[in-house]
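Undergrad: First the structure, then my questions, so here it is.
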Amino acid sequence: MSKPVVFVIGASGNVGTATLTSLSAKYADKVEIRAGVRNPEKAEKLKGIPNVAVVQATMGDSNLVGVFAGVNTLYIVTPATGNRIELVTKTTESAKEAGVKHIAVVSLPIAGTTDTLFGRQYSEIEEKVSKLGVPYTFGPSSHVHREFIYVQEHHCGPRHHVQPH
Amino acid sequence: MYKSTIAAQGTMYNPTDPDKPFTIIAVEDIGKASAAILVNPEKYANKTVTLVSDLRTYNDVAKAFSEALGKEIKYLRVPYEAAKKGMMGGGIPEWQAEGVIELSKLIDASSPALSSDRDLGLYKQITGEDPTDLKKWVTKYSAAFQ
């Protein structure tokens, strides 16, 4: 029996890379690992991780149903862009159509609250995903590490690698 | 993280109240926990997992850096407007800068969503390992801040 396929989309950032590193180090014998990035040519770091297949995948694209064929578990690393609700929702719909059995979505602890912008965005994402009819997991979420870097890097000093929300 | 100003000036800048605790998580811990969840998804079906590596204040952070680097690292609290302008000057869209400021204000207001210790044991439950606490993280990366 072949191993279940785990697919990480939005793989090229810190969370994606850390997840793929762990999957490769501990679970390569249990699962087949795929990393979806917008630009495979630029994904040198990911290509260096053993047992990870890097494929082209853009969130929200209409071809994702084909890209997700055979995938058991999908991990969506929610992007920092303003249209994240639309991108994540479309991606989950493609996953459902492709028969993905489980969808995990990176969220924030303030999802479920509506007194902040990010809270409202993540609340909407969580609400839509939870109504999809596919088993889901939100998290692991804890934004503050990313905010940490973000505020500092953009308040003072020269720009380093952007780690946005 | 904070590389530029810590190395150059021995100072950290942020608009958050330095006495307010907030939850932090190391990126490696996110990776390990994510992997553990992804290979065992049935266990976490229809659940929200909120992970915490440590619960700290910015004063704690400045102190940890000071100890690891062997020199005094100061925390300087800057006004919210200045922080927002700084972010936008760095190319961040206004809506996103405001969003980040909102999070800072939640920490200042001791919002339980961002400063509760309820989830501290969860990381170990999921991965079987201890999370990377602040001191471990700072020690591990201190070479980059010299």
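Read the figures in this text as sums done on the coordinates, not as results from a lab. Just so we're clear, the structure is a prediction, and the values are computed from it rather than from any experiment. Cβ sites come from the backbone with ideal geometry, for glycine too, and all protein chains shown count toward neighbours.
Undergrad: Where is the GNM fluctuation largest for chain B (alpha-carbon springs, 10 angstrom cutoff): B:Val39, B:Val100, B:Val52?
TA: Among B:Val39, B:Val100, B:Val52, the largest mean-square fluctuation in the Gaussian network model of chain B belongs to B:Val39.
Undergrad: Here's a follow-up. Given only helices, namely DSSP H runs of n ≥ 4 each adding -39500 (n - 2.57), what is the per-residue ellipticity at 222 nm of the protein assembly as shown, to the nearest 500 deg cm²/dmol?
TA: -13000 deg cm²/dmol
Undergrad: To continue, here is another question. HN-Hα J couplings of segment A:126-136 from phi, Karplus 6.51/-1.76/1.60, θ = phi - 60°, integer Hz, Gly and Pro as x?
TA: 5, 5, 5, 5, 5, 9, 5, x, 10, x, 9
Undergrad: Okay, next question. For segment A:1-47 and segment B:109-129, compute the distance between their C-alpha centroids and round to whole Å.
TA: With segment A:1-47 and segment B:109-129 each reduced to a Cα centre, they are spaced 26 Å.
Undergrad: In segment A:1-134, what is the volume of the convex hull around the alpha carbon atoms, normalised per residue and reported in Å³?
TA: That works out to 104 Å³ per residue.
Undergrad: How many lysine pairs does segment A:1-138 hold where the Cα atoms are under 25 Å apart and the two sit 8 or more places apart or on different chains?
TA: Lysine pair count for segment A:1-138: 21.
Undergrad: Here's a follow-up. Based on the alpha-carbon gyration tensor of the protein assembly as shown, what equivalent-ellipsoid semi-axes (square roots of 5 times the eigenvalues) come out, in whole Å, largest first?
TA: In descending order the semi-axes read 32, 21, 19 Å.
Undergrad: Counting only Cα, what are the radius of gyration and maximum Cα-Cα distance Dmax of segment B:30-85, in Å?
TA: 18.3, 48
Undergrad: Additional query: Just for the Cα atoms in segment B:1-121, what are the lengths along the principal axes, largest first, rounded to whole Å?
TA: 48, 37, 26
Undergrad: For peptide A:38-49, compute the average count of partner chain beta-carbon atoms within 10 Å of each residue's beta-carbon.
TA: 0
Undergrad: What does the convex hull of the Cα atoms of segment A:1-68 come to per residue, in Å³, rounded to a whole number?
TA: Spelled out: Cα convex hull of segment A:1-68, divided by residues, is 79 Å³.
Undergrad: In segment B:16-90, how many lysine pairs have Cα atoms under 25 Å apart, counting only pairs 8 or more places apart or on different chains?
TA: The number of close lysine pairs in segment B:16-90 is 11.
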